[in-house]
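The values are calculated or read from the model by the stated rules, or taken from the named source; none is laboratory data. On a predicted model such as this, the values are computed, not experimentally measured, just so you know. With ideal geometry, Cβ positions are generated from the backbone for all residues, glycine too; neighbour counts draw on all protein chains shown. These accessible areas exclude ligands, DNA and RNA; they are computed on the full protein's heavy atoms, side chains included. Shrake-Rupley method; radii C 1.70, N 1.55, O 1.52, S 1.80 Å.
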Amino acid sequence: MELTLLGTGAPEGLPRPSCPCAVCARARGSWARAATALLVDDALLLDLTPGAVFAAARAGHSLSAVRQVLLTHPHDGPAVELPPTLPPAGRVPDGQVLTLISGHRVRAVPMDAPGTGYEVGSPDGERLLYLPPGAAPAGLDGRAERPYDLVVCDVVGRPDAVARLRAVGAVGPATEVIAVHLDHDAPPGAALDRLLAAAGARAVPDGTTLAVGEYPVVPDVPRRVLVTGAPGRGSLWRRSGGWRRSPRWCTWRPAGGAAGTRSGRPGWRCTGSAGRARGGPRRPASWWGCWRRRGRRC
């Protein structure tokens, strides 16, 4: 199964029109992204976006052979003109399966936010999962039968979606995860690559064609993250969403440890006993004075 990403950006695109932020200012050339749309084997189009015909032609494909157009999220912008060669766009009800004349099977996956996700299976057995922006699969109770070959989702906006899929076995070590719906809240350039690498994902430019099931490199996903240092640094890590990308493998330990003591440093006692991170009361006003003096207790 062959997947072509006609666009990888947010529904408004990147850069956003009339946006003065630094990310939009740097989104030029290969860093510019059109609204996300996926073309599967030249037969299935997921999400109809403005300029889809031109985007397909620029990637070396044609939409003349598309037999089905499916939408994943409500379109709240201006009306998108349907090219005359495309069939009417529709949506599959949650839980229902649609079989195309090309042999592809499309199952609608319910989401925890407005929109519909689609699981696409090829006649040869490859499977991909495509999720709408800002959404994660709902009702993941039991273990998955086998991992997907490719997952395309909003990794930056919903990092917990990949963690949920990984927890039930839907994302395995050889599953390729592609980040789409990228907006100006995502860092540019190498910073984006480092952010996605922590979730075992990567981003590709618009027009990239991927062979589903032929992922040659297994990402180096962190198996254990230990956040040390001052309590404020751990709080920043939690607020940044890093723990949501790998909740099973991240351990956050506030300064002072569980016992709140450390040999030769009585100042650690007040850190551990009054640290809010462990459910204790707020630090007293004399905490900083005690930390400077080191030898006196609060």
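Considering only region 174-203, state which residues are of a type outside the set (A, V, I, L, M), closer than 20 Å to Leu38 by Cβ and open to solvent by 20 Å² or more (accessible area, probe 1.4 Å). Selection gives Asp183, Arg202.
Given the criterion open to solvent by 40 Å² or more (accessible area, probe 1.4 Å), at pLDDT 90 or above, out of contact with any Ser or Thr (no Cβ under 6 Å at 6 or more places or on another chain) and within 21 Å of Ala161 (Cβ to Cβ), identify the matching residue among Asp141, Asp94, Asp42.
Values: Asp141 fails: at pLDDT 90 or above; Asp42 fails: within 21 Å of Ala161 (Cβ to Cβ).
Only one candidate passes the filter, namely Asp94.
Selection of region 164-194 for residues being touching a Pro at 6+ places or on another chain (Cβ under 6 Å) and within 30 Å of Cys19 (Cβ to Cβ) yields only His181.
Number of residues in region 156-176 that are in contact with a helix residue (DSSP H, G or I) (Cβ under 6 Å, 6 or more places away or on another chain) and free of Cβ contacts under 8 Å to residues at least 60 places away in the same chain: the value is 1. Among the residues making up region 103-138, a single one is surrounded by fewer than 16 Cβ atoms within 10 Å (Cβ to Cβ) and either under 17 Å from Leu38 (Cβ atoms) or touching a Ser or Thr at 6+ places or on another chain (Cβ under 7 Å) (or both): Arg105. Specify the residue that is nearest to Val212 (Cα to Cα); the eligible residues are those in region 87-125 that are of a type in the set (Ser, Thr, Tyr) and touching a residue at least 12 places away in the same chain (Cβ under 8 Å). Ranking the qualifying residues of region 87-125, first place goes to Ser122.
Listed here are the strands (runs of 3 or more DSSP E) enclosed by region 118-182 that have at least 3 residues being under 15 Å from Met1 (Cβ atoms): 127-130, 150-153.
Given the criteria open to solvent by 40 Å² or more (accessible area, probe 1.4 Å), of a type in the set (A, V, I, L, M, F, W, C) and touching a residue at least 40 places away in the same chain (Cβ under 8 Å), does Leu71 qualify? I'd like the intermediate steps shown before the answer.
Details: open to solvent by 40 Å² or more (accessible area, probe 1.4 Å): yes; of a type in the set (A, V, I, L, M, F, W, C): yes; touching a residue at least 40 places away in the same chain (Cβ under 8 Å): yes.
Answer is yes for this residue.
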